[in-house]
Amino acid sequence: MVLLEMDTEQRLSDIVQKEAEAAQNADLSKIRSFLQGLLPEVVSLGIQILLAILIWFIGVKLVKFLRKRIRKWLAKLNFDTGVIQFLDSLIKIVAYFILICIILGLFGIQTTSIVAVLTSASLAAGLALQGSLANFAGGVLILALKPFVVGDYIIEDRH
């Protein structure tokens, strides 16, 4: 048992001595030049992140402003509350998607493939839900155009 402990201590001592020699032999100029070469990239990334944060905050304020103005405009045109809420949600989703695409483009990410996938998925969903979407669009048109109001009667003429 004592022999095993001495052997382990010798191994640890050898490892520590080799690490100390390696640290002394390390070329600090290579490390320094690597870090100096990395510094412009880090600064550039930091500037891109700050610019992305600035664009995000400006974009959020702009989206809120536009949504508010559009809601007021639709209310002035006497649109139904359901239509106003639906269009507000749709505008919000589209505006934030565009904002995120702008920020991703800032970092060099190609957003064309994302838009292409989203477009093809929307087309596939539209074709799959064609009947339901037609009914939904009809409901939105009835709410928007208001051809009927509460209290109207529909009389069927049977001749």
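Out of LEU50, LEU66, one residue alone is free of Cβ contacts under 8 Å to residues at least 12 places away in the same chain and not aromatic (Phe, Trp, Tyr). It is LEU50.
The residues of region 95-123 that are within 27 Å of GLY82 (Cβ to Cβ) and small (Gly, Ala, Ser), listed by number, are ALA95, ALA121, SER122. Considering every residue within region 113-128, establish whether at least one is loosely packed, with under 10 Cβ neighbours inside 10 Å and over 21 Å from the mean Cα position of the chain (by Cα). Yes: region 113-128 contains one or more residues that are loosely packed, with under 10 Cβ neighbours inside 10 Å and over 21 Å from the mean Cα position of the chain (by Cα). The helices (runs of 4 or more DSSP H) found entirely in region 79-159 that carry 1 or more residues being within 26 Å of ILE55 (Cβ to Cβ), among the aromatic types (Phe, Trp, Tyr) and free of Cβ contacts under 8 Å to residues at least 24 places away in the same chain are 81-106. Set side by side, the residues LEU99, LEU90 differ, and just one is surrounded by fewer than 13 Cβ atoms within 10 Å (Cβ to Cβ) and not β-branched (Val, Ile, Thr), which is LEU90.
In this structure, ILE58 does not qualify as touching a residue at least 40 places away in the same chain (Cβ under 8 Å), surrounded by 10 or more Cβ atoms within 10 Å (Cβ to Cβ) and more than 30 Å from GLY139 (Cα to Cα). When you check SER13 against the structure, is it part of a helix (DSSP H, G or I), within 45 Å of the chain's Cα centre (by Cα) and either among the hydroxyl-bearing types (Ser, Thr, Tyr) or modelled with pLDDT under 70 (or both), yes or no? Considered against the rule, which asks whether it is part of a helix (DSSP H, G or I), within 45 Å of the chain's Cα centre (by Cα) and either among the hydroxyl-bearing types (Ser, Thr, Tyr) or modelled with pLDDT under 70 (or both), SER13 comes out as no.
Of LEU35, LEU133, LEU39, LEU66, all but one fail to be more than 18 Å from the chain's Cα centre (by Cα), among the aliphatic types (A, V, I, L, M) and within 30 Å of VAL149 (Cβ to Cβ); the exception is LEU133. Looking at LEU38, LEU77, LEU45, LEU28, just one residue is of a type outside the set (D, E, K, R), at pLDDT below 95, more than 28 Å from SER122 (Cα to Cα) and open to solvent by 100 Å² or more (accessible area, probe 1.4 Å), and that residue is LEU28.
The values are calculated or read from the model by the stated rules, or taken from the named source; none is laboratory data. As the structure is a computational prediction, the values presented were derived from the model and not from experiment. Here the Cβ is made from the backbone with ideal geometry for all residues, glycine too, and neighbour counts use every protein chain on show. Please note that ligands, DNA and RNA were not included when accessible areas were found on the heavy atoms of the full protein model with its side chains. Shrake-Rupley method; radii C 1.70, N 1.55, O 1.52, S 1.80 Å.
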